[in-house]
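Below is one structure, written out as structure tokens; comments come after it.
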Amino acid sequence: MSARAVPRSAEPLDSLAPQARYELRGRAAETYARSVRRLVAGGRLNRFFPDARSLVALFDLLAPSGSQGTHDEIEVGLGTGLPTERMVTRVQADASIAAEACHDAEAIDPTLRDLAAGANADDAFVRRYRYHRALLAHPPPPSFSMRRELRRADPEARAAWLTVTLDRFDLAAECFVRYTILLRHEDPRWSRSQVRLDEDDLEVSENFDNLVARATARDAELVFILLSRVPSITVENVTRCRVGPLWFAGIEAPDPIRDLLADHPGEFILSLPLDRADVSGRAHRNGDPFGLGYREALSRAARGEVDELRKELGYHVRRERKFVCTPGAAQALRDQLKRSKKPCVIYEAKSER
Amino acid sequence: MTQVTERADALAREVVYDGEQYERDELQSFVDAYGKKHESDLQNLASLKTAHDEIAREMSKDLAVSKTAWEYIGGLVSGEFTSNFKGLLEKIPILNEFVADRPLSDLLHEKVEVAERRTREVGNFLTTIEKRVGDLQSDVIRLNKKVVVAARNEETAASFVLQLRDVQARLTEDLSAIGDDKSAAWRETKAEIDEVTQVMWEHGAKLRLFSNAEDRITSIVAMNRNFLQILTNLHANMQGLYDAGIEVLDELRGNLSGLATAAQAGELTLDMQEAMQSLKRSVNRVAVLASNTSLYITQNVERLTAEMKVYDDETRALVESNLAAEREVREQRIDETIALAEKEFGLMEEARTTGPA
């Protein structure tokens, strides 16, 4: 396709980067982490979403009890209601040194394993050891990972069909996101190949990885367009699924949600948005009551260019959002979504008891 | 009190020593165990030094790389490179397949993660040192109690031995006064002297044992204090490294969120120069701290190794002196036995030549 520039919205498509922070300590941090853990565990996240198990581990480990008192605070972004990058990196960094830390600690005190297994471990050293063991047993999600799988190959056509799954902690939105990209790569005759197949082994160039990493910073449609501009790549489907934002009283939220939470203090709503650009789709559909699509964020003139691109590349865009909330907010949220005429799936998080 | 009663009291007195009743082998095993522990502590210190050097080197290297990445980003923002931020609000850059660079925010975030990991490593190192310091402090308290008990027992033993010596002196005077060595009184007094000598020897041995224990445990405490001092200083130095790491992290992080939000590219340019200067200062601070700490540990490991040798020498000297004392006692016993045997033999010979009376 041509190398013309793609119109870009004057404002970011999602909410502005959450600069404001709030620090929860002790009991408040514990309650917060446990609540979010319940929501994530109750969200029935499918394979297009970031891995639920490691996210649950992250919130377990963020809780003061999960870190065995090593950390007492959780910094929350007021724009997302989720732990900030600093918090996520804290757990990841602790996880990265956990094996060595356990080894060192066991060298100092060979009885540490037994001590840590005991019910009462008041000693800070033993608690820290327990925390590191927990990190090894249940690692948090990495802030960036990319998996490429070969779906099909046609040696005669020198073509390969790939699924690229990219997980990242989105620094701008401060939430975990997974991109699932289905694409076809055709080995070019005149330039260096991005992908090489050696029998069943898939070899992907660093250049290819970097291209995907650079493209996957915004919504699915933009990723679709950007990757489609790379010669030798034909994109078939881009799905982006995020875990967040989390809304509760005091957190930036759309007006209807803010009003709802004002009437239901102490309740939490976790938002699980999905947007997809897909060549097999039949129509554009925006079923997301709160998400503004890429095209919708553009000026009238620029929208025309995107419409042309949609026709040229043959894809359709679908947006939807499901929710998981604490039981006290469920009915009010259902009523609110009914009024917006965009009914969404709502799960109620089970109580810890 | 009559002399007879005094003697009987002295011999019948049950001397009670506090705490552990040292046996020579037991004390030797105790000191040997600490000798091994200190050798292992020295090795641990050497491995702490290796760990420190590695952390410090990695930290300096990673921060230097961060600095380079930062300068690169600075160049991008200030317009030395085309595209990226300047026209960001109007058009998105074309994704050029020949641009192999990773996204800048990913790159910088990776640096943040590495700096965070290094800082956590230093934090873990600090915890390890704190644990060792805590253990050493408890050990010093425990050993000090042992020293006090040994000193107290040494005093008890010394006082009893002196008391026995007086009794022995008086008995010797009595023996001279009796004169007739064939008389029953003379033989009875002589037997008492032997008995007192035996008890004196027993408690004299205890006196030496407690005295040795006191000296040797004091040496162990002195060595523990050395380790304690080194670890405390090491902790202070590592704390500095930790603080510097946190500073670097804050600087990197402070601009990371700005970088992630492209709309703030303009303001980012303004902050860039200042941030880079600050980062340079922090990186240099880490390098200086790391180098000083490394030198400090090297010097102290050498000093401690030298002291361990002295400590070993002292221990050896004590062991040798104990052995010499023991030899002396044995030789004395042998002499006494031979003298007694000679005397008995002489009497027998005399009886044989003179015939029955």
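Per-structure values
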{"quantity": "Fewest-first ranking of B:Glu121, A:Glu100, B:Glu14, using other Cβ atoms within 10 Å as the exposure measure", "calculated": "B:Glu14, A:Glu100, B:Glu121"}
{"quantity": "³J(HN,Hα) computed for each position of segment B:161-178 - Karplus, 6.51 cos²θ - 1.76 cosθ + 1.60, integer Hz, glycine/proline x", "calculated": "4, 5, 4, 5, 4, 4, 4, 4, 4, 5, 4, 5, 4, 4, 4, 5, 5, 5"}
{"quantity": "Karplus-derived HN-Hα couplings along segment A:59-65 (A = 6.51, B = -1.76, C = 1.60, θ = phi - 60°), whole Hz, x at Gly and Pro", "calculated": "6, 4, 6, 6, 4, x, 5"}
{"quantity": "Linear extension gain, B:Ala177 paired with B:Glu39, 0.36 nm per residue minus alpha-carbon span", "calculated": "43.7 nm"}
{"quantity": "Environment charge at A:Ala249 (Cβ cut-off 12 Å; Lys +1, Arg +1, Asp -1, Glu -1)", "calculated": "-3"}
{"quantity": "Computed FRET value (nearest 0.05) for A:Glu305 with A:Arg53, which takes r as the C-beta separation and R₀ as 45 Å", "calculated": "0.60"}
{"quantity": "Which of B:Arg117, A:Arg25, A:Arg303 has the fewest Cβ neighbours within 10 Å, and the rest in rising order", "calculated": "A:Arg25, A:Arg303, B:Arg117"}
{"quantity": "Summed residue charge, Cβ within 12 Å of A:Gly26's Cβ, Lys/Arg positive, Asp/Glu negative", "calculated": "-2"}
{"quantity": "Added length on full extension, which subtracts the Cα-Cα distance from 0.36 nm per residue, B:Ala12 to B:Asn233", "calculated": "74.1 nm"}
{"quantity": "Cα→Cβ-extended label distance, 7 Å offset, between A:Ala124 and B:Ala169, nm", "calculated": "5.9"}
{"quantity": "Long-range tail of P(r) for segment A:21-137 (Cα pairs > 20 Å, %)", "calculated": "45"}
{"quantity": "Cβ-defined net charge surrounding A:Met146, 10 Å radius [Lys, Arg +1; Asp, Glu -1]", "calculated": "+1"}
{"quantity": "Length-normalised contact order for chain A - Cα pairs under 8 Å, 6+ apart - percent", "calculated": "18"}
{"quantity": "Under-5 Å amide H pairs with A:Arg285, H placed in peptide plane, nonlocal only", "calculated": "A:Val317, A:Arg318, A:Arg319"}
{"quantity": "Per-pair calculated FRET efficiency, R0 = 45 Å: A:His103 and B:Trp201 via Cβ, rounded to 0.05", "calculated": "0.25"}
{"quantity": "Given B:Lys145/B:Lys206; B:Lys131/B:Lys206; B:Lys182/B:Lys206; B:Lys36/B:Lys145, the pairs whose alpha carbons are separated by over 29 Å", "calculated": "B:Lys131/B:Lys206; B:Lys182/B:Lys206"}
{"quantity": "Placed amide H near A:Leu78: partners under 5 Å, 5+ positions off or other chain", "calculated": "A:Ala20, A:Arg21, A:Tyr22"}
{"quantity": "Total charge dipole magnitude, segment A:144-348, about the Cα centre, Cβ charges on Lys, Arg, Asp, Glu only, Debye to nearest 20", "calculated": "680"}
{"quantity": "FRET E, pair A:Arg334, A:His284, Förster distance 22 Å, beta-carbon r, rounded to 0.05", "calculated": "0.30"}
{"quantity": "Lys pairs under 19 Å by Cα in chain A, provided they are eight or more residues apart or on distinct chains", "calculated": "4"}
{"quantity": "Length gained when the stretch A:Ala157-A:Lys342 is fully extended (0.36 nm per residue, less Cα-Cα span)", "calculated": "62.2 nm"}
{"quantity": "Contact order relative to length of segment A:144-348, as percent, for alpha carbon pairs under 8 angstrom and 6 or more apart", "calculated": "16"}
{"quantity": "Inter-chain shielding of A:86-98 (mean C-beta neighbours from other protein chains, 10 Å cut-off)", "calculated": "5"}
{"quantity": "3J(HN,Hα) from dihedral phi, segment B:109-122, Karplus parametrisation 6.51/-1.76/1.60, rounded to Hz, x for glycine, proline", "calculated": "5, 4, 5, 4, 4, 5, 4, 5, 4, 4, 5, 5, 4, 4"}
{"quantity": "Sorted by Cβ neighbour density within 10 Å, fewest at the top, the residues A:Cys325, A:Cys344, A:Cys241", "calculated": "A:Cys344, A:Cys241, A:Cys325"}
{"quantity": "Along each principal axis, Cα extent of chain A, largest first, Å", "calculated": "66, 54, 31"}
{"quantity": "More than 17 Å apart - percent of Cα-Cα pairs taken over segment A:248-350", "calculated": "58"}
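The numbers here are math on the coordinates, done by the rules we state, and not lab data. Because the structure is predicted, anything quoted here is derived from the model rather than measured. All Cβ positions, even for glycine, are placed from backbone atoms using ideal geometry, and neighbour counts span all protein chains on display.
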